[in-house]
Every structure is written in C-alpha cells, then in structure tokens.
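Notes follow once the structure below has been shown.
Just so it is clear, none of the values below were taken in a lab; they were calculated from the coordinates. A quick note: this is a predicted structure, and the numbers were derived from the prediction, not measured. Every residue, glycine among them, receives a Cβ derived from its backbone with ideal geometry; neighbour counts consider all protein chains shown.
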Amino acid sequence: MSRYILAAILIIIFLSSAVFFVTKTEVFSVMKPRIIREGKIIYEQTVHPQTSKHFTEEDRLFSMETQLEIARANIPEEKIVYFRSGQSRTEMLDNDYGYRSPAITFRNYKATSYLYCKSLQFVDFCEEITPPAVLTDDKAFIPQVQEMDETKNILGYLCRRAKITEENQSYYVFYSDAITIDDPTGAVLHSPLISGFILELEEIPGTFGADYFKRLRVNAIQEQSLEDSIFLADQTYRKIESIDRARQENLKQLNRQSENEWLENALTIQEQKQFEGYWLSSRNQDLVLVEIRNIRAGSSWNNEFAFTTYYLTAKGSFKKKIKEKAAMKGRKLFVEEKPNYRLYALDEKKQTIIQENFPFFNYSVVTEVQARQLIEQYHLD
C-alpha cells in the first residue's frame with residue numbers, strides 16, 4: 001500500500017513541477033509551434049524620429065519635420081509576402097529608380113538569383129538579379145543576439161524581445177516560438193540568430209547617419225491556398241538585362257511622345273516661357289526657391305533651360321545652391337537627375353508647378369523682387 005502512496009506523491013510532484021515550468025516560461029518552449037506552409041504575411045512599415053549622432057539642428061538640409069515627411073513619402077508603407085512550397089512573391093509600392101510605382105520580387109529557394117519587376121513611366125520590366133557573394137574571413141564580424149527581459153502581445157502571440165547586432169546596423173525584434181512560417185526563400189522577415197517568427201523589427205536609433213529609424217511590424221498572417229499565377233510575372237512585363245536598358249527605353253518613349261505632341265500641337269510663344277521665373281516652396285519652416293531660365297542663343301528661344309535650386313533654410317555643410325539642366329518635353333519641364341529625371345507640370349491657373357509622380361514639393365510663383373530679397377536674406381547671392 002505504501003508503494004502506491006509513494007507513486008501518487010511522485011506523480012503529484014512531477015505535475016506540479018510541469019505546471020510551474022509552463023507558467024515560468026510563458027508557454028514559450030512547451031507548446032508545439034503552429035506551422036504555416038502557404039499563405040501571405042502583411043507588414044506595415046512606419047518611420048520615427050531619432051536624435052542622430054551625425055546630424056544636428058545646425059547641420060541639415062531640411063527640418064526634422066520635413067525630413068520625416070520625405071522619408072514617409074519615400075518608404076513603402078505596406079509590404080505583402082506570398083509564400084508556398086519554396087516560392088515567394090513580395091509586393092510593395094516604392095520609389096526605386098526615381099519612380100513611385102508597384103515593385104514585385106519573385107524568389108525560389110532553389111535559384112541563386114531572383115526576379116525583380118517594376119513599372120517606370122512608359123516601361124514595365126523584369127530584371128534577373130544575382131546577389132553578390134558573401135565573403136567571409138577570420139576577421140569578419142560575427143552577428144550577435146541578446147535576449148531581453150521584455151514581452152509583448154502581437155496578433156495574439158506572446159513575443160519575446162531580443163537585440164540583434166550586425167556589423168553596420170543593430171535591431172530590436174519581437175519574436176514568437178509559437179508560430180513558424182515555412183519560407184526558405186527568405187522573403188518573410190527572419191534572422192538565423194532567432195529561433196522563432198519575427199513579428200516586429202525596429203532599427204536602433206543612433207547606429208547610422210539618418211534623422212529617422214524604421215519599424216516593420218506584421219499586421220496580418222493569413223493561411224490560405226494560393227493560385228499558381230501568384231508566383232508568375234505578368235506576361236506584359238518585358239524581361240531586360242539591366243535597369244540601365246529600361247531607363248534608356250523609357251526615356252526614348254518619353255521623347256517620342258513629346259515629339260508627337262509638338263507635331264500635333266506646337267508650343268505657343270507663351271507656352272515656351274511658362275516655366276521661366278521664380279518659384280517658392282514653403283513647408284513647415286523650410287523654404288526652397290527655384291529659378292528657371294531659358295538659355296537662349298541670341299534672341300531666339302531654344303529648348304534648353306537652367307534649373308537652379310536654392311535651399312534657403314539649409315544649415316551647416318550642405319550644398320545650398322544646385323544648378324541642373326532642363327528641357328521641355330511636350331508641355332512639361334524635364335529636369336535631368338542622372339540616372340533618373342523629374343517632370344514638372346503647371347496647375348490650371350499657371351501659378352504652381354508640381355512634380356509628377358512625387359508631388360511633395362509644390363512651388364508657387366513669386367516675383368523677381370521677392371526672390372532676390374530671399375536670396376540676399378539667406379546670403380545665397
């Protein structure tokens with residue numbers, strides 16, 4: 001009888017220890033993780049200010065408020081990753097190659113390269129990209145991970161916090177061992193130093209020379225069956241050997257469109273002069289003045305302009321006066337920004353010029369007297 005009592009006592013002690021273990025570890029290592037082999041992950045990316053070690057209020061092109069707004073306008077707010085059977089597709093709206101449009105990346109874990117597809121103004125293209133080989137030696141920096149005593153609930157998953165230190169950047173991550181995403185292509189956010197699924201990643205401020213840091217967070221995890229077509233590029237996209245070829249073809253089509261427009265409807269003398277003069281952008285406490293002048297051969301008009309930008313309120317070591325070449329393309333102003341370009345159009349009242357595809361800085365017309373006063377006031381004459 002005593003043997004049965006002893007056995008019962010041992011069982012009670014074992015069960016009590018197991019309950020204590022589960023409680024103390026927050027069910028991190030005991031529960032079998034949920035494995036998702038097919039579906040999509042939706043990420044949200046946000047931008048936040050930081051006090052940079054490299055830039056101060058005495059050394060900046062724009063104010064912190066404007067710099068953050070520019071960053072938010074340039075960085076994709078949402079990223080969607082589809083994954084299945086060693087394949088992935090990543091979608092986002094970005095400003096790569098100077099043009100804001102959808103960008104799609106296709107990966108296969110068996111391939112050494114990936115397919116990047118993008119839309120420019122006139123050209124939809126796909127480019128096969130082979131990442132550079134990672135060279136290692138005895139002196140190579142070894143990434144490190146530091147577990148931290150902090151947890152957070154994200155989408156119902158209890159996540160632990162860790163710090164990842166790489167050679168040129170450090171991050172905080174929140175991850176969960178309760179879920180695993182089967183994506184060997186690497187499109188889903190991951191780290192070889194972290195055993196679980198990363199639901200949030202935040203750049204650590206002060207580790208690089210920028211006025212802001214980014215935070216990437218999972219907004220949705222959707223386990224679902226995907227069509228084969230998800231992992232195939234649109235047939236209307238042209239496969240090219242390089243982005244330079246896509247830029248050349250895009251510029252060729254822009255020139256062709258401009259020539260056809262002039263043949264059908266030639267520029268009037270007034271339209272030839274419509275961009276000339278001074279234009280001012282005022283955003284937050286930042287002032288940017290633009291001077292546009294036709295470079296004439298004698299008294300005749302030719303399609304060549306000087307586009308001069310005065311960053312009136314820039315501080316410190318930044319270049320405050322920049323001159324660029326410009327020309328009319330149709331009824332728009334084309335400004336070279338090699339290897340890309342910018343296009344400006346006038347509003348209906350002819351009082352404001354707006355940059356197409358990225359209407360962040362709008363410039364309103366000012367008189368020459370007003371412009372000269374500003375140039376003298378900020379010592380840029």
Problem - Pair ASN153, GLU166: separation of 7 Å Cα→Cβ label points (nm) - result: 3.2
Handout entry: Listed residues LEU155, LEU120, LEU289, most fluctuating in the chain (Gaussian network, C-alpha, under 10 Å)
Key = LEU155
Completion exercise
Eigenvalues of the alpha-carbon gyration tensor of the chain, times 5 and square-rooted, give semi-axes in Å, largest first, of 54, 27, 17
Fill in the blank from the handout: Within the chain, cysteines having no neighbouring cysteine beta carbon under 4.7 Å are CYS159
Practice task
Only helical DSSP H runs with n ≥ 4 go in: add -39500 (n - 2.57) per run for the chain, normalise by residue count and round the 222 nm mean residue ellipticity to 500 deg cm²/dmol.
Solution key: -6000 deg cm²/dmol
Practice task
Please identify, among PHE125, PHE197, PHE318, the residue showing maximal mean-square fluctuation in a Gaussian network model of the chain using a 10 angstrom Cα cutoff.
Solution key: PHE318
Exercise for the section: Please get the size of the charge dipole for the chain, origin at its Cα centre, with Cβ charges of +1 on Lys and Arg and -1 on Asp and Glu, quoted in debye to the nearest 20. Expected result: 140
Practice task
Mind giving me the nanometre distance, one decimal, between the label points for PHE141 and GLU78, set 7 Å out from Cα along Cα→Cβ?
Solution key: 3.4
Handout entry: Computed over the range 95-210, Cα set: Rg, Dmax in Å
Key = 17.5, 52
Handout entry: Gain in span if fully extended, ALA233 to GLU348, counting 0.36 nm per residue against the direct Cα distance
Key = 37.5 nm
Fill in the blank from the handout: Two pseudo-spin positions, 7 Å from Cα along C-beta at VAL365 and at SER300, lie apart in nanometres by 2.7
